[in-house]
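The values are calculated or read from the model by the stated rules, or taken from the named source; none is laboratory data. Just so we're clear, the structure is a prediction, and the values are computed from it rather than from any experiment. Quick reminder, even Gly has a Cβ in these numbers, built from the backbone with ideal geometry, and neighbours come from all protein chains shown. When the accessible area is computed, the model is the full protein with side chains, heavy atoms only, and any ligands, DNA or RNA have been set aside. Shrake-Rupley method; radii C 1.70, N 1.55, O 1.52, S 1.80 Å.
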Amino acid sequence: MPRRERNNFVKRGEIISITIEDYAFGGKGIGRIRNEEGEFVVFVPNTLPGQTVRCQIKKTSKRYAEAKLFEVLSPSDQEVEVPFQAIPGAPYIKLPIDLQHQYKKQSTLELFKRIGKVENIEDLFDEFIASPEVFHYRNKMEYGFSAIRYDFEQKTDVDEFALGFKKRGTWWCAENLDKDSGLFDAEVENNLKNIRQFCIDSGLEPWHAPQKKGFFRYFVIRKSYKTNQILCNLVTTSPQISHFDMDGFVALLKELFGDRIAGLIHTTNDEIGDRTLAVTGNERLVFGEDRIVENLLGLNFEISMKSFFQTNPKSAEKLYSKVIDYALEKAETVNGKIVMDLFCGTGTIGQILASKTTDAKIIGVDIVEDAIKDAKQNAKRNGIEGVDFFAADVGKFLNQYPEYNGKIETIVLDPPRAGIAPKTLLKVIKLGASRMVYVSCNPATQARDTETLMQAGYKITKMSMVDQFPHTAHIESIVLFEK
């Protein structure tokens with residue numbers, strides 16, 4: 001076994017207080033410990049320069065350590081007050097949005113220099129696109145039930161019914177959401193405490209993660225910005241369903257939200273793992289419709305509870321518009337040609353591209369069968385022709401259809417956070433396209449793939465960033481590669 005490098009600054013498991021001095025990609029704050037031996041770096045996620053935080057060391061090496069944030073002891077002088085309840089999913093909500101943009105842009109560009117080996121990335125940078133809505137931009141939220149609640153006054157967890165979000169750094173403990181978080185829908189979140197009280201009054205237990213038992217597990221809501229309707233999904237275990245007053249729950253939702261309620265779905269999940277929807281779970285429509293309609297760039301998309309859809313639709317319109325701009329910058333490589341839309345999800349980009357082109361044939365491929373079903377239905381609904389969608393692993397699909405090699409001039413790539421598997425990327429390169437528009441929700445894996453693409457003869461000609469998730473560390477990047 002390789003010998004673990006040791007340091008004389010911190011030990012694994014140690015709890016320390018430290019002041020954050022810099023910001024690294026992915027929302028990692030940089031703290032430094034100094035002594036007679038020199039300087040040692042500690043990375044703490046979800047922190048900002050100027051904050052003093054309490055954290056626990058999780059990994060150590062000779063030169064740096066990685067820690068888990070417990071709490072912010074004192075704020076940064078850059079932070080401002082906001083009228084929302086603090087939640088773990090919005091660590092930077094008190095930081096002015098222009099400073100959030102500044103941190104995201106600079107740390108992402110540094111990533112492409114360090115990992116992608118693109119020294120002149122600043123010269124290739126095109127645009128930073130802000131989210132049109134800074135607050136209340138999400139169209140989906142998952143609230144978790146828990147039998148263990150974190151008590152902020154006592155600074156400890158207590159055995160008590162909770163409905164909200166997991167306390168940062170824990171898997172067993174939740175924080176109640178009592179009012180608007182500033183991310184989703186104010187009316188919904190201001191009424192979550194009433195939904196929680198109805199569930200408490202039922203006498204049935206919330207999920208107890210350590211004991212792996214309980215009835216209530218999740219309450220999931222999707223919202224349409226087109227219609228302002230909401231679709232709800234109550235997730236429970238299957239025993240004791242007969243003891244829950246589902247009719248009364250429907251009546252409560254109608255009382256709280258009126259005509260905004262499009263429908264209520266009840267899903268069972270008896271798995272002990274921490275997954276919202278079980279692979280083997282049953283889904284039942286209790287009342288109303290099982291889907292809502294959203295509009296993007298003039299096209300309508302039906303969204304079910306299982307559909308993948310952009311969480312910030314107004315920002316997604318900006319993202320897709322930029323992707324289409326890059327793809328059509330050399331229209332002769334698209335019009336009348338075959339265009340690959342790989343990792344296409346519900347086929348949104350492919351459909352928009354088809355609607356903006358002349359006689360182009362869009363081939364969309366994604367491994368998620370439900371997403372491809374939605375893609376086909378949405379294309380039919382929107383009257384989009386010239387699109388074919390395939391439910392398949394991208395790498396296996398390219399093996400199956402070698403006749404596309406050398407016949408594709410433009411490829412759109414939108415892989416999951418893990419990026420493109422190395423073997424699959426080599427198959428994509430083998431297609432011989434002269435241009436690739438690579439969209440990524442994780443610039444770290446995109447920067448990694450950039451080095452491979454550059455070795456294969458591609459170069460970055462343009463790069464933009466889109467802020468899909470204000471108040472978080474996430475940033476979406478769009479890179480145009482050309483041979």
Looking only at strands (runs of 3 or more DSSP E) that lie completely in the range 227-325, which have at least 2 residues being under 30 Å from GLN468 (Cα atoms) and modelled with pLDDT under 90? 291-296, 299-304
Determine, yes or no, whether VAL293 is in contact with a strand residue (DSSP E or B) (Cβ under 7 Å, 6 or more places away or on another chain), surrounded by 15 or more Cβ atoms within 10 Å (Cβ to Cβ), farther than 26 Å from VAL134 by Cα and of a type outside the set (Lys, Arg). no
Can you go through THR348, THR311, THR358 and tell me which one is at negative phi and either out of contact with any strand residue (DSSP E or B) (no Cβ under 7 Å at 6 or more places or on another chain) or not polar (S, T, N, Q) (or both)? THR358
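Just checking, which of LYS226, LYS254 is surrounded by fewer than 20 Cβ atoms within 10 Å (Cβ to Cβ) and within 24 Å of the chain's Cα centre (by Cα)?
Working: LYS254 fails: within 24 Å of the chain's Cα centre (by Cα).
One residue alone meets the criteria, LYS226.
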For the range 76-93, check the following and say yes or no: at least one residue is out of contact with any Cys (no Cβ under 6 Å at 6 or more places or on another chain) and closer than 30 Å to LYS462 by Cβ. yes
Cβ-Cβ below 9 Å, separation at least six or inter-chain, first residue in the range 381-392 and touching a residue at least 40 places away in the same chain (Cβ under 8 Å), second among the acidic types (Asp, Glu) and not in a helix (DSSP H, G or I): which pairs? ARG381/GLU302; VAL387/ASP341; PHE389/ASP341; PHE389/ASP366
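Filter the range 22-32 down to the residues that are assigned to a strand (DSSP E or B) and modelled with pLDDT under 95, then identify the one that is least open to solvent (accessible area, probe 1.4 Å).
Step one: filter the range 22-32 for residues assigned to a strand (DSSP E or B), giving 22-24, 28-32.
Still in the running and modelled with pLDDT under 95: 22-24, 28-29.
Numbers: ASP22: 61, TYR23: 37, ALA24: 23, LYS28: 69, GLY29: 0 Å².
Only one residue tops the list, namely GLY29.
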Looking at the range 254-290, which of the residues that are free of Cβ contacts under 8 Å to residues at least 40 places away in the same chain and aliphatic (A, V, I, L, M) is farthest from VAL220 (Cα to Cα)? VAL279
Cβ pairs under 8 Å, 6+ apart or interchain, first in the range 215-240 and at positive phi, second open to solvent by less than 10 Å² (accessible area, probe 1.4 Å) and not aliphatic (A, V, I, L, M), ordered by first then second residue, are GLN240/PHE215
Verdict on THR170 being without any contact (Cβ under 8 Å) to a residue 12 or more places away in the chain, within 23 Å of GLU205 (Cα to Cα) and not small (Gly, Ala, Ser): no
For the range 372-395, enumerate the residues that are touching a Lys or Arg at 6+ places or on another chain (Cβ under 9 Å) and surrounded by fewer than 22 Cβ atoms within 10 Å (Cβ to Cβ). GLY386, ASP388, ALA391, GLY395
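Filtering the range 330-361 down to residues that are among the basic types (Lys, Arg) and in a loop (DSSP other than H, G, I, E, B), which residue is most open to solvent (accessible area, probe 1.4 Å)?
So the first thing to find is which residues in the range 330-361 are among the basic types (Lys, Arg), and the list is 330, 337, 356, 361.
Cutting the leftovers down to in a loop (DSSP other than H, G, I, E, B) gives us 330, 337, 356.
Values: LYS330: 86, LYS337: 70, LYS356: 116 Å².
So, considering only residues that are among the basic types (Lys, Arg) and in a loop (DSSP other than H, G, I, E, B), the one most open to solvent (accessible area, probe 1.4 Å) is LYS356.
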